[in-house]
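A.B. asks: Before anything else, here's the structure in question.
Derivation of every value follows stated rules applied to the coordinates shown; laboratory data play no part. Worth saying up front: this structure is predicted, and the values here are computed from it rather than measured. In this analysis, Cβ positions are derived from the backbone assuming ideal geometry, glycine residues included, and neighbour counts consider all displayed protein chains.
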Amino acid sequence: MKFKKPRGTQDLLGKYMEKWSSVEERITGILRSYGYLEIRTPIFEVSDLFVRTVGESSDIVTKEMYMFKDKKGRRLTLRPENTAPVMRAYLENGLQRQGGISRFYYMGPMFRYDRPQAGRYRQFHQIGAEAIGTSNPAIDAEIINLSMDIYRAFGFSSLQVRLNSVGCMKCRGEYMGFLREKLEEYKPELCDDCRQRTDTNPLRVFDCKTCVSVKEKLPTITDHLCEECNEHFEKLCAILKQMGVDFVIDPLLVRGLDYYTKTAYEIVCPELGAQNALCGGGRYDGLASELGGVSIPAVGFSAGMERLMQILPDELDKSETTMTRAYFVVFDDKCSIQAMVLADRLRSAGFVAYVDFSMRSIKKQLKSASTRGYDYAVFVGQKEIEDKEVTLKNMESGDQVTVSFEKLVSYFSEKGVVGIE
Ligand code: AMP
């Protein structure tokens, strides 16, 4: 083979892809149950959209963007994240004129040129939600609870929510002054990157994995919040407590995107090692005005699909998401036509039906039904066609029964349902 997939990317296929799809389905079900509606924006955007919002001196913009020029010389970028594109779409489509709160969810690939390692890819996938239009801290709590619900739905009850407030443009500006002064003092102890960050974007020092001992000696933003930010944070903490959502306040949490204001949080799985953040989010009240619109408060999160897949068992609890699946074993052309007709009836009733047209031996077809995880093998041979009935083989127990064509769907409905939603 002359070609390999680009470094840091993955082919999703086979059982992994099946698991992936059912994970996506379960998550979108949760998002929709909160009244969030899907939004799809382009995979690439004008580069400046990210430069202006994620931040000129952020790692994403300085090192990680897949940037290119099109034939007309326009600077475009494969999206490294999707909050700025969603806000761009919100404003461009004039949704602010509708008033109230717009709730969106999205999923899809994001691109960051970073050193690939366990849990870190160059093309990765995020599922996220954005609630645009209110500064009420109750919606910050909704977003945090919603993102936790995703993990609860897969049985994870002990993940940690790390919460902080990164202040607003006003109090953060003042705080950055103090921080810079302190960092000047510790300059000899800082790594090269952090020395540069002291001038360009001192908050980013908190993201550094090497300057740990210095970080602990620095003043934290949490101690320098203005009254409004403080009040927002206290209200949010109180709501979360009332809702029974556990969290720990982490004054060192700043997140890698510059647009965050006030609330910033992460859901972490300590067992995952270096790349232990499953999900990150927060409030971004300054983003809309940065894009040239009026000031519109908003809050959201983004969850990494690959990292969720990593902590899930290979086999998901099938009962909640899958329909009964029938595998039609076919012997010749006449049988295959009858099988197609019956398969259609099952599909119309909400079941999954697969027809094997390979004309392989029965043994091979049955083996394929088993490896693909089908619940029943359905035989439609010459004799079955004459008698207008099928032979059904339960793939788990091995039991066989004959059922008339007429009763096939009702048999599946009565006996075969593995949990239609
Ligand atoms: P961020 O957009 O940086 O706030 O990231 C949100 C979530 O996306 C993280 O918590 C990770 O789960 C996931 N994520 C971010 N970058 C990557 C990457 N390079 N590879 C895989 N997952 C990622």
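A.B. asks: Using only the Cα atoms of the stretch 156-201, build the gyration tensor, take square roots of its eigenvalues as a ≥ b ≥ c, and label the shape rounded, prolate or oblate: rounded if a/c is under 1.5, else prolate if a/b is larger than b/c, else oblate. Let's see the in-between values first.
C.D. replies: Numbers: a/c = 3.18, a/b = 1.56, b/c = 2.04.
In terms of gyration-tensor shape, oblate.
A.B. asks: Which value in nm describes the separation of the simple spin-label points at SER410 and LYS367, placed 7 Å from the Cα toward the beta carbon?
C.D. replies: 3.9 nm
A.B. asks: How big is the charge dipole of the stretch 170-221 about its Cα centre, in debye rounded to the nearest 20, if each Lys and Arg gets +1 on its Cβ and each Asp and Glu gets -1 on its Cβ?
C.D. replies: Rounded to the nearest 20 debye, it is 180 debye.
A.B. asks: Which residue, GLY350, GLY35, GLY398, has the most motion in a Gaussian network model of the chain that connects Cα atoms within less than 10 Å?
C.D. replies: Maximum among the listed residues: GLY398.
A.B. asks: Turning to a different aspect of this structure: Report the antiparallel proportion of the DSSP beta bridges in the stretch 284-421 as a percent, rounded to a multiple of 5.
C.D. replies: DSSP beta bridges in the stretch 284-421 are roughly 55 percent antiparallel.
A.B. asks: What shape does the chain take by its C-alpha gyration tensor, where a ≥ b ≥ c are the square roots of the eigenvalues and a/c under 1.5 counts as rounded, a/b above b/c as prolate, and the rest as oblate?
C.D. replies: In terms of gyration-tensor shape, prolate.
A.B. asks: Which angle from 0 to 90°, rounded to the nearest 10, does the C-alpha axis of helix 333-348 make with the longest principal axis of the chain?
C.D. replies: The two axes meet at around 50 degrees.
A.B. asks: Same structure again: Cα centroid distance between the stretch 219-297 and the stretch 1-24, in Å?
C.D. replies: Centre-to-centre distance over Cα atoms comes out at 32 Å.
A.B. asks: Mind checking which of PRO42, PHE357, LEU308 is farthest towards the positive end of the chain's charge dipole, using Cβ charges of +1 (Lys, Arg) and -1 (Asp, Glu) about the Cα centre?
C.D. replies: Final value for the positive-end residue is PHE357.
A.B. asks: Please list the non-local residues whose amide H lies under 5 Å from the amide H of CYS168, H modeled 1.01 Å from N, same-chain partners needing a gap of 5 or more.
C.D. replies: CYS226, LYS262
A.B. asks: Moving to a separate point now. Given +1 on the Cβ of Lys and Arg, -1 on the Cβ of Asp and Glu, and no further charges, what dipole in debye does the chain carry about its Cα centre, rounded to the nearest 20?
C.D. replies: In debye, rounded to 20, the chain gives about 1420.
A.B. asks: Another question about this same structure. Where the only charges are on Cβ atoms (+1 Lys, Arg; -1 Asp, Glu), what is the dipole of the stretch 307-370 about its Cα centre, to the nearest 20 debye?
C.D. replies: Numbers: 10 positive and 8 negative charges, 37 e Å.
Computed charge dipole of the stretch 307-370: roughly 180 debye.
A.B. asks: Would you mind classifying the stretch 325-415 by shape? Square roots of the alpha carbon gyration tensor eigenvalues, ordered a ≥ b ≥ c; an a/c under 1.5 is rounded, otherwise it is prolate if a/b is larger than b/c and oblate if not.
C.D. replies: Working: a/c = 1.36, a/b = 1.07, b/c = 1.27.
It is rounded, given that a/c, with a ≥ b ≥ c, falls under 1.5.
A.B. asks: Taking springs between alpha-carbon atoms closer than 10 angstrom, which of GLN126, GLN160, GLN400 fluctuates most in the Gaussian network model of the chain?
C.D. replies: GLN400
A.B. asks: What share of the DSSP beta bridges in the chain is antiparallel, in percent to the nearest 5?
C.D. replies: Bridges in the chain that DSSP calls antiparallel: roughly 80 percent.
A.B. asks: Using +1 at the C-beta of Lys and Arg and -1 at the C-beta of Asp and Glu, which of THR371, THR391, SER413 has the Cα lying farthest in the positive direction of the dipole of the stretch 335-421?
C.D. replies: Most positive-ward Cα: THR371.
A.B. asks: Does anyone have the angle between helix 83-92 and the longest principal axis of the chain? Alpha-carbon axes, 0 to 90°, nearest 10?
C.D. replies: For 83-92 against the chain, the angle is about 90 degrees.
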